[in-house]
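A quick write-up on the structure given underneath.
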Amino acid sequence: MRLRSYAQGEWIEGTGKAVPLIHAVTGETVAEATSEGLDFKGMLEYARSVGGSKLRKMTFHERARMLKDIAKHLMERKEEFYKLSEATGATKTDSWIDIEGGIGTFFAYSSRGRREFPNETFYVEGNVEPLSKDNTFVGRHVCVPLEGAAVHINAFNFPCWGMLEKLAPTLLAGMPAIVKPATITSYLTEGMVRAMVESGILPEGAVQLIVGGTGDLLDHLTGQDVVTFTGSASTGRKLKTTPSIVENSVRFNMEADSLNFSMLAPESAPGTEEFDLFVKEVVREMTVKAGQKCTAIRRTLVPQGMVDDAVKAIEKRLAGVKIGDPRAEGIRMGPLVGMSQVTEVRDRLEQLRRGSELVFGNPDDFEVAAGDKDKGAFFPAALLYCDSPLDTLEPHNIEAFGPVNTVMPYASVDEAIELAKMGRGSLVGSLFTSDDKVARQVVLGTASHHGRLRIVNRESAKGSTGHGSPLPGLVHGGPGRAGGGEEMGGVRGALHYMQRTALQGSPTTLTRISDEWIKGAAQPSDRVHPFRKYFDELEIGETLVTHRRTVTEADIVNFAGISGDHFYAHMDDIAAKESLFEKRVAHGYFVLSAAAGLFVDPAPGPVLANYGLDNLRFVKPVYIGDTIQVKLTCKLKTAKDTQPDQIPQGVVAWDVEVTNQNAEPVAVYTILTLVKRLESAVTGY
Ligand code: NDP
């Protein structure tokens, strides 16, 4: 079967000679791929003009809901993908990481998108920057989607996850994508893209697929496009220096080779839970996906005196890992993705053996428990031991992209840190320790060279998500050899597909542009109390100025009685006199409560509940006899997704400023209320 690419809204069969795609277990041809004949320039233009313009009209919340709907559709069809995944040599667990782990990224980005982004087409980032003494000129950052296409070039090892973890932030940001999976496992990516297209949920032009090579695609990139790449460092370097990419300063995110470390801490001796956890994890990371993971543990750092015990324990567990056709019962490790990888991993293992001793596993002599050893791309788990790792460069330089790992001794924590850094930049490092002082030392010593660090002990092991699992909320990527890129990390991941622009102007102008009230901007008031207004009727910036209240000693005494807070500064004349306040002051929480009493409109109305309070600061003390007043300003409105059985509502953030008789602020904060929406605004009638 010749796979098709999805280009400019159509499934197109490539012409010319196709590459056969081989079943990793049986050696049979499962499909063939070629992208010859595709109009690559046309694909980019279609993405920009059709997909991009449709996505940019949607708000973050609409895009987030789209991600969830697609994820649900893909989950319903997951068995199709598991079936296709068998040909990659993946076990059921390996496929789960790729398929359901990938779909999980869509779910995660959907909920983060609705929680952390506004229901807007753009994102206002960070705080307001005061730029003039009189506050008539301020600065603010806004992020808008780039108007180009995102080209995602993926590695063979995660045909689904690799695509989805990049697509989720891209689509959420409002940018269309052209997905180019590694050809060898592209049949699985093709199956998933087909399901996405068939769902009818994606806007036209939002996602296109290239099965096969990229032709002259990269030559037509502009400064509004983005390229993300996962694969080998050599290909990455080549692509990054494509003239169009260099000349147009095209954003290029690279995730390449990584020699990740795992370290057993000095106090995690044999017999401790940490020792056992460490051994288990090292073996798991060697064998899951037959070690074909960018995050797999390649370098295992062990205290000098524990090497024998650690190696023996790892060997014992590895001996129990049955290799074979993953469809058979009891098989824990499948083959590599293809014969070319067998040759490559064998070659890399030979290179590693120049400076290390092979202590477990022999590629010339190993058992395959199920399947045809000659036809499948099987490779045994191989453990090496390097006696002088400070002077031997191979284990720190050579990535054998398979079940291969080198154990290295270290004499001190400082030496272990040095060894970890000899990888010259990695995606992830793990430390097994119950000593938080060691944890701090290793983290601060190695963080500069790592994208993610994971500390495991008996307390965290149960909930731990695993060394090899990048997570949607955390950044994935690493410096130096690992490519210098960064993906995911929640909101950060979407910002890679947006332009951050610094805005400068008056507070009122920036308020109108961003739909978020900025201090110093106009504060119009209305005769109707804001608590009597529905969500949709409230204007950004509209302000209630309350009546005043003079704080008395009775207020303080009563509040102390009700709250039980008899702190000396409120209740003890002598101590208060000696304190920084010099006399008794009202409780801060009394000021808050009194402020609520001033601004609340008590009768039932559209305000459903007080939702919380942010950024509270008591700026000045309130003394007996001071007179306070409140300014309540509608700062930001966020409509909430509600179920049909819920009252349609939104969150309104109010800026609250409590002042004294000299118009000096005494307390500033933001309160959040849940406010009913107008029926007509929700239904459109
Ligand atoms: P490659 O770097 O060869 O390929 C990665 C992606 O780049 C594939 O989609 C590939 O497409 C594409 N590609 C290759 N050449 C070009 C080009 N000239 N123009 C456009 N796209 C191109 O890596 P592989 O996936 O083949 O894996 C090879 C090695 O890379 C592994 O053995 C391993 O060492 C390393 N690797 C590292 C990973 C990591 O994250 N650390 C992940 C995966 C691999 P095509 O398949 O069509 O050639």
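The values are calculated or read from the model by the stated rules, or taken from the named source; none is laboratory data. Source: prediction; values computed, not measured. Virtual Cβ from ideal backbone geometry, glycine too; neighbours counted across all protein chains shown. For the accessible areas, the whole protein counts, side chains as well, though only heavy atoms, and no ligand, DNA or RNA atoms are used. Shrake-Rupley method; radii C 1.70, N 1.55, O 1.52, S 1.80 Å.
Eigen-decomposition of the gyration tensor built on the alpha-carbon atoms of the stretch 425-575 gives equivalent ellipsoid semi-axes of 48, 32, 15 angstrom, largest listed first.
How big is the shadow of the Cα convex hull of the stretch 1-128, averaged over all directions, in nm²?
Details: hull surface 42.8 nm².
Its average projected convex-hull area is 10.7 nm².
Looking at the stretch 197-275, which GluC sites (Glu not before Pro) are DSSP coil and have at most 16 other C-beta atoms within 10 Å of their C-beta?
Sites meeting the loop and neighbour criteria: E204, E267.
Using the alpha-carbon positions of the stretch 345-394, Rg (one decimal) and Dmax (whole number) come out as 13.1, 41 Å.
The distance from the alpha carbon centre of the stretch 341-380 to that of the stretch 126-154 is 51 Å, rounded to a whole number.
With all distinct Cα pairs included, what does the Kirkwood hydrodynamic radius of the chain come out to in Å, to one decimal, could you say? Write down the numbers at each step before the final one.
On the way: mean 1/r = 0.0351 Å⁻¹.
Over the chain, the inverse of the mean reciprocal pair distance is 28.5 Å.
Expressed in units of 2.2 N^0.38 Å, where N is the residue count, the Cα radius of gyration of the stretch 571-633 is 1.42. FRET efficiency for V600 and M1, Cβ-Cβ distance as r, R0 = 60 Å, nearest 0.05? That gives a FRET efficiency of 0.30. The convex hull drawn around the Cα atoms of the stretch 239-368, when projected onto a plane and averaged over every direction, covers 11.5 nm².
Treating each Cα of the stretch 299-416 as an identical point scatterer and summing with the Debye formula, the log10 of I(q)/I(0) at q = 0.12, 0.13 Å⁻¹ comes to -0.46, -0.53.
Computed from the C-beta positions of A269 and V443, the FRET efficiency with R₀ = 25 Å rounds to 0.70.
If you roll a 1.4 Å probe over the heavy atoms of the protein chains, what accessible area per residue do you get for the stretch 634-685, in Å²?
Heavy-atom SASA per residue in the stretch 634-685 reads 48 Å².
Ellipticity at 222 nm from helices only: DSSP H runs of n ≥ 4 in the chain, each -39500 (n - 2.57), divided by the residue count, give -9500 deg cm²/dmol. For the chain, the antiparallel share of DSSP beta bridges with both residues in that region comes to about 60%. A simple spin-label model places the labels of T627 and S412 7.0 nm from each other, with each point 7 Å out along Cα-to-Cβ.
Close amide H contacts of G485 (hydrogens built in the peptide plane, cut-off under 5 Å, sequence separation of 5 or more or a different chain): M254, G478. Separation of the stretch 246-294 and the stretch 564-617, taken as the distance between their Cα centroids, equals 51 angstrom.
A quarter of the convex hull surface defined by the alpha-carbon atoms of the stretch 529-664 gives 9.7 nm² as the mean projection. Rolling a 1.4 Å probe over the protein heavy atoms gives the stretch 221-306 an accessible area of 32 Å² per residue.
In whole Å, what three semi-axes, largest first, describe the equivalent ellipsoid of the stretch 181-242 built from its Cα gyration tensor (square root of 5 times each eigenvalue)?
Numbers: eigenvalues 117, 53, 17 Å².
Each semi-axis is the square root of five times an eigenvalue, giving 24, 16, 9 Å.
Along its principal axes, the stretch 506-558 has C-alpha extents of 47, 26, 16 angstrom, given from the largest down.
Remark: C-alpha extents of the stretch 630-685 on the principal axes read 48, 18, 13 Å, sorted largest to smallest.
Within the accessible surface of the chain, defined with a 1.4 Å probe on protein heavy atoms only, the carbon and sulfur portion equals 50 percent.
Over the stretch 120-170, what lengths in whole Å, largest first, do the semi-axes of the equivalent ellipsoid take, defined as the square roots of 5 times the eigenvalues of the alpha-carbon gyration tensor? Display every interim value, and only then the final one.
On the way: eigenvalues 304, 23, 15 Å².
In descending order, the three semi-axes are 39, 11, 9 Å.
Measuring between their Cα centroids, the stretch 619-685 and the stretch 394-467 lie 47 Å from each other.
Put a dot 7 Å past the Cα of M339, heading toward its Cβ, do the same for S53, and the two dots end up 5.0 nm apart.
In loop segments of the stretch 127-166 as defined by DSSP, the trypsin sites (Lys or Arg not before Pro) with at most 15 further C-beta atoms inside 10 Å of their C-beta are K133. The accessible area of S340, taken with all protein chains in place and a 1.4 Å probe, comes to roughly 70 Å².
Grab the beta carbon distance between D39 and Q504, set R0 = 35 Å, and tell me the FRET efficiency rounded to 0.05. Spell out each step's value before the answer.
Details: r = 42 Å, r/R0 = 1.21.
Computed FRET efficiency for D39 and Q504: 0.25.
Only loop residues by DSSP count here, and only those with at most 11 other Cβ atoms within 10 Å; note down the GluC sites (Glu not before Pro) in the stretch 87-127 that meet that.
none
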